[in-house]
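Notes follow once the structure below has been shown.
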Amino acid sequence: MEAPAKPREFYLAQQQLGGRPSEEAVAVLKQQFRGRFLDHDDPRLTEVVKGYAMQAVAYLLTGEAFCDDPDCRLFNAHWQEEMLCAQTADRYCERHASILAARRGDER
Ligand SMILES: [Zn+2]
C-alpha cells in the first residue's frame, strides 16, 4: 500500500494483469498513466517534498494539520493526482498565505 494513492484506474488495470505481472507489462501500464503519479526520479519530486516540509512547518506555527482547500499546498491529498495538483501549482490558500507572510515579517 502506498500513500497518496495512484489513480483508481491504475489499480484496476494492474489487477487485470494478475498476481505476478511481467516487468514489461508493468512498464506499459506506468506509461499509460504517465504524469498522473510520481515515479522514481520524477522531476516533480522536489516540489512535492518542499510542500510536505511546509506542512510540517505550518503545523508547528498553527497547531493545525493540513488544509481543506485542494488548491493549497497544505492540502491533505489522498490521491497522487490531488497531491501533484496542490504541490506543483506552488500556491497557498488566502488564510495560509497570510499566516506565512506574517511569519516572514516577524523575522526581519
Ligand atoms: Zn491552506
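How many percent of the alpha carbon pairs in segment 45-106 exceed a separation of 19 Å?
That fraction is 21 percent.
Starting from the Kirkwood radius over alpha-carbon pairs of the chain, derive D by Stokes-Einstein at 20 °C in a medium of 1.002 mPa s and give it in µm² s⁻¹.
138 µm²/s
Along the Cα-to-C-beta direction of Glu47, a point sits 7 Å from the Cα; which residues of segment 74-108 have their amide N less than 15 Å from that point?
Within reach of a label on Glu47: 74-75, 80-92.
Check every DSSP H run in the chain and write down those whose alpha carbon atoms cover 20 angstrom or more along the long axis and whose mean Kyte-Doolittle hydropathy is 0.5 or greater.
Sorted by number, the helices that extend far enough and score high enough are 45-62.
Quick query: amide H of Asn76 versus all other amide H atoms, modeled in the peptide plane; which residues come in under 5 Å with a sequence gap of 5 or more or a different chain?
Close amide H contacts, sequence-distant or interchain: Cys67.
Give me Glu47, Glu2 sorted ascending by neighbouring Cβ count inside 10 Å, so fewest comes first. Don't jump to the answer; show the numbers that get you there.
On the way: Glu47 16, Glu2 8.
So the residues, fewest neighbours to most, are Glu2, Glu47.
Which cysteines does the chain leave without a neighbouring Cys Cβ under 4.7 Å?
Cys85
Quick note: the coordinates plus some simple rules give every number you see, no bench work behind them. All figures in this text were calculated on a predicted structure; none of them were measured in a lab. Cβ coordinates were reconstructed from backbone atoms using ideal geometry, including for glycine residues, and neighbour counts include every protein chain displayed.
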